[in-house]
Amino acid sequence: MSDSSPNPNPDSAQKPPEHGQSRRDFLRTSAVVATGVAALAAALAPLRDLKDFTTVEKFLQKYYKEMTPQDMEKVLDRIRREVEAQYGVRPTVQDLKPMNGVEFVYCLNLTRCIGCRKCVHACVAENNQSRDPEIQYIRVLRMPHGSLDLEKGEHNYDSEQVPEKNYFYMPIQCQQCRNPACVKVCPTKATWQDKDGITVIDYDWCIGCRYCEAACPYFARRFNWTRPTIPKDRLNPNMAYLGNRPRRQGVMEKCHFCIQRTRAGRYPACVEVCPAGARKFGNVLDPESEVSYILRNKRVFIQLKEEVGTSPRFYYYFDV
Amino acid sequence: MMKAAKNYWIFVNRCARLAFVGDWRYYAWMGFLTIFVLLGINAYAKQFVSGLITTGMSDQVSWGVYIANFTFIVGVAAAAAMLVIPVYVYANEELHDLVIFGELLAVSAIVMCLSFVTVDLGRPDRFWHLIPGIGQFNFPHSMLSWDVIVLNGYLLLNVHICGYLLYCRYQGRKPARWFYIPFVFIAIGWAISIHTVTAFLYVGLGGRPFWNSSIVGPRFIASAFTAGPSLIILALQVIRNVTAYRITDKALLTLRSIVQVSMLINVFLLVNEIFKEFYSGTMHVASSKYLFFGLHGHHALVPWIWTAIACNMIAMFLLILPISRSLKYLNVACVLAFVGIWIEKGMGLVVPGFIPTPLGEIVEYSPTLNEALICIGIWCFGFLCYTTLLRMAIPILQGQISKANETA
């Protein structure tokens, strides 16, 4: 392009046309290029509102399973700093590993559930879900007496009082499948099944393609369509890396059996809050556990959509 | 070695310069496309900042027009094979000099596909997690990882074939058969694979009965081989009108027979699917019911799908009748087929898969303006790419630009 600079030397006019450009050509080219650059800059103007989208450190963060304990410590420290800066609370963030000899199973008593949705709200509070837009991991369906056809269920029932006559209630959340469809389809291995049976997500590795959300037969997965917001005074500061630490825009999340509690020997929030005692949780490998007792002694229990072959660790049962 | 690199550099340079010169129609067309590309970039910048909340998608309908267009355009890319097969397998003379236009269309279409997937990502900054070697590539389990391989592979194959043949023509030497013929044949199989793998993305989801059907793959191929060559028929006539490139009516009519047969197969497969869904009347019919007739008072897609069916039916009858030997009617049929399949295979396939949700909830979807602007931007970008590639290729093929007339 060196040819295109206007040359004050009159000799240049003698050059063949291929080599030189007239001043008019040059001006025209410059005008076109300038207009193009200006138009592109104008088109990209919304990017000025981009706030802490990523940093070099975050951009280059390694995959969960490839991090050394030192790497993880650095990441956890970064998360602590970020949470403190954003919410004014110093959280405890741990990377809790699955315990040996433990496989978690959930049992839900459909005879007892009264449809009060206390589990839904306890879950939101415990797991730092976005309040605006609202993200919830548990859906409670109001089902007409006698049918398990989910299409007959009412998702948005708004009753004065529960339970209501001629209905039963069916809470649905991540079923922690033994053959999880979501794990199979994830193109980046950002979600996987740990050995205690919990399917977890590395929120810092997910690319947000939402293939898992399409694959899940239980509508268990939720996407952060924009920046999640949590009021400062509602933040739960007891956090786990694969659990309830605040998520970012553009990544997937879902129920993880309250890893920050259950991998530290406590019950999930939904189990604790249930006023009807409909929710049971425990280690199926321990024959003395409540869930083992239920699976041994109840006459009927259901794995939702058994025909899709996902084999949930979430069982529905009845008092019979 | 240095000399070869320098020669190639001169070639690339001259091609690049060509892209910026043309008559007023060229400038008007390219200017028009550029405006919409810029509007698309602007819309994407907004989405990049605020997230995918700027779209009409939700947790219930988590894929929308981006993935719908992606699916359709993979088919357009695959359809290049419908020009390659007659020429390289059946030695068709009429189409011989036109194959490259199909391959260039495939290149542009794949660029569009990759753009549509990228704008659908929640974290485009993490795209490198998908790159084999440095990321975590879930191969062979995830069908999306297969798609990454087949789409990029198809892009490379076509770039190689077109680039090599054009460069040989430019240099005025005969291309070495071993250096492109094997790739041409690989690309034929590969073309089928890109669309099959894209179908498998859907078919593999056991929790979505609307997609979990073995007919989706064959329908994809049949509809692609209808819509793709329809577009090529139209594009070739534009090329013939604005350049002196020789394109015979006979060539167009050869493509007509391809579109004709593919359309018949396409409609036949559609009838099969509709029969299975509605006659057996299992619970799984809900999505089809939503698509064709509406479900519990929700029927956003009903007018669209019947428009698509009307387009396909009229196109099919025009194509069967001898009347479409006249280009005027053939063009009408091609436009109708293209539009019909775009609706049917885009929104008509993607959205009903999500309605009702696996928990029986019905949440409808319609794209937002911002989302539509991004789509239009990518379409215009695709046309921009194709026009640019043709602008470079045609003078080379006609011998107007060659090594012989290089000015050192």
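With pairing defined as another cysteine C-beta under 4.7 Å, the cysteines of chain A that fail it are A:Cys107, A:Cys113, A:Cys116, A:Cys123, A:Cys177, A:Cys186, A:Cys206, A:Cys209, A:Cys216, A:Cys258, A:Cys274. Only loop residues by DSSP count here, and only those with at most 14 other Cβ atoms within 10 Å; note down the trypsin sites (Lys or Arg not before Pro) in region A:264-320 that meet that. Loop-located and lightly packed - A:Arg266, A:Arg299.
Modelled spin-label separation between A:Asp319 and A:Glu73, with each label point placed 7 Å from Cα along the Cα-to-Cβ direction: 5.2 nm.
When exposed loop sites are taken as trypsin sites (Lys or Arg not before Pro) in a DSSP loop with at most 11 other Cβ atoms within 10 Å, the longest stretch of chain B clear of them is B:1-172.
Rounded to the nearest 5, the antiparallel percentage of DSSP beta bridges internal to chain A is 75%.
Before anything else, pin down the relative contact order of region A:104-317: Cα pairs under 8 Å, at least 6 apart, normalised by residue count, whole percent.
About 31 percent, as a whole number.
Across chain B, the mean sequence separation of Cα contacts (distance under 8 Å, 6 or more residues apart), normalised by length, yields a relative contact order of 29 percent.
All C-alpha to C-alpha distances of region B:112-169, sorted into 5 Å bins beginning at zero, yield P(r) values of 4, 16, 20, 24, 15, 9, 7, 5, 1 percent in whole numbers. Computed 3J(HN,Hα) for region A:201-217, one whole-Hz value per residue from the Karplus formula 6.51 cos²θ - 1.76 cosθ + 1.60 where θ = phi - 60°, is 10, 8, 4, 8, 10, 4, 9, x, 7, 6, 5, 5, 5, 6, 7, 5, x, glycine and proline marked x.
Take each peptide in A:66-73, A:102-109, A:37-44, count the other Cβ atoms within 10 Å of every residue, and average; sorted highest first, the result is A:102-109, A:37-44, A:66-73. Between A:Leu40 and B:Cys168, the FRET efficiency from the beta-carbon distance, with R0 = 51 Å, is close to 0.90.
Averaged over the residues of A:34-45, the number of partner chain Cβ atoms lying within 10 Å of the residue Cβ comes to 3. Between chain A and chain B, the total buried accessible area stands at approximately 5000 Å², from heavy atoms with a 1.4 Å probe. The alpha carbons of region B:7-82 give a radius of gyration and a Dmax of 18.4, 55 Å, in that order. Loop-resident chymotrypsin sites (Phe, Trp or Tyr not before Pro) (DSSP state other than H, G, I, E or B) in region B:75-152 with no more than 12 further Cβ atoms inside 10 Å of their Cβ: B:Tyr90.
For the segment A:153-159, counting C-beta atoms of other chains within 10 Å of every residue's C-beta and taking the mean gives 2. Other protein chain C-beta atoms within 10 Å of residue C-beta, averaged over B:207-213: 3.
So how tilted is helix B:65-78 from the main axis of chain B? Cα-based, degrees 0 to 90, rounded to 10. Helix B:65-78 sits roughly 50 degrees off the main axis of chain B. Straight-line cross-link partners of A:Lys232 among the aspartates and glutamates, defined as a Cα under 17 Å from its Cα and at least 8 positions apart when in the same chain: A:Glu82, A:Glu84, A:Glu126, A:Asp132, A:Glu134. Think of the protein assembly as shown as having a plus end and a minus end, set by charges on the Cβ of Lys, Arg, Asp and Glu; of B:Thr357, A:Cys182, A:Asn166, A:Cys182 sits farthest toward the positive end of this dipole.
Can you name the helices of chain A, as whole DSSP H runs, whose Cα span along the helix axis is 27 Å or more and whose Kyte-Doolittle mean is not below 1.6?
none
Note on A:Lys184: lysines with a C-alpha under 27 Å away, same-chain residues under 8 apart excluded, are A:Lys58, A:Lys62, A:Lys65, A:Lys97, A:Lys195, A:Lys254, A:Lys305, B:Lys345.
Each label point was placed 7 Å from the Cα along the Cα-to-Cβ direction; for B:Asn152 and B:Asp97 their separation is 3.8 nm. Of all DSSP beta bridges confined to the protein assembly as shown, the antiparallel ones make up roughly 75%. D for the protein assembly as shown, whole µm²/s, Stokes-Einstein with Kirkwood Rh over alpha-carbon pairs at 37 °C and 0.692 mPa s: what number? It diffuses with D of about 115 µm²/s by this estimate. Surface composition of chain B: carbon plus sulfur atoms contribute 72% of the solvent-accessible area (1.4 Å probe, protein chains only, all chains present).
Every helix of 4 or more DSSP H residues in chain B counts as -39500 (n - 2.57), and over all residues that averages to -23000 deg cm²/dmol at 222 nm.
Over all directions, the projected convex hull of the C-alpha atoms in region B:11-399 averages 20.0 nm² in area. Relative contact order, whole percent, for region B:13-106 stands at 17, derived from Cα pairs under 8 Å and 6 or more residues apart.
What the pair-distance distribution of region B:267-408 shows, using all Cα-Cα distances binned every 10 Å from zero, is 10, 26, 26, 20, 10, 5, 2, 0 percent.
The residues of chain B expose on average 42 square angstrom of accessible surface per residue, using a 1.4 Å probe on protein heavy atoms. Take the alpha carbon gyration tensor of region A:138-290, find the square roots of its eigenvalues, order them as a ≥ b ≥ c, and report rounded if a/c is under 1.5; if not, report prolate when a/b exceeds b/c, else oblate. It comes out rounded by the Cα gyration axes. Calculated mean residue ellipticity, 222 nm, chain A: -7000 deg cm²/dmol, from DSSP H runs (n ≥ 4) at -39500 (n - 2.57) each, averaged per residue and rounded to 500.
Nearest 10 degrees is fine. How inclined is helix B:143-171 to the longest principal axis of chain B, computing both from alpha carbons? Helix B:143-171 and the main axis of chain B meet at about 20 degrees. Around the amide H of A:Phe168, modelled in the peptide plane, lie the amide H atoms of A:Met143, A:His145, all under 5 Å away and 5 or more residues distant in sequence or on another chain.
Maximal additional length on extending the B:Ile314-B:Ala16 stretch stands at 103.1 nm, based on 0.36 nm per residue less the C-alpha distance. Relative to its residue count, region B:296-374 spans a Cα convex hull of 111 Å³ per residue. Computed from Cα positions, the angle between helix B:302-320 and the longest principal axis of chain B comes to roughly 50 degrees.
The values are calculated or read from the model by the stated rules, or taken from the named source; none is laboratory data. Bear in mind that the values here come from a model prediction, so they are computed numbers and not experimental data. Here the Cβ is made from the backbone with ideal geometry for all residues, glycine too, and neighbour counts use every protein chain on show. Accessible surface is based on the protein model in full, side chains and every heavy atom, while ligands, DNA and RNA are left aside. Shrake-Rupley method; radii C 1.70, N 1.55, O 1.52, S 1.80 Å.
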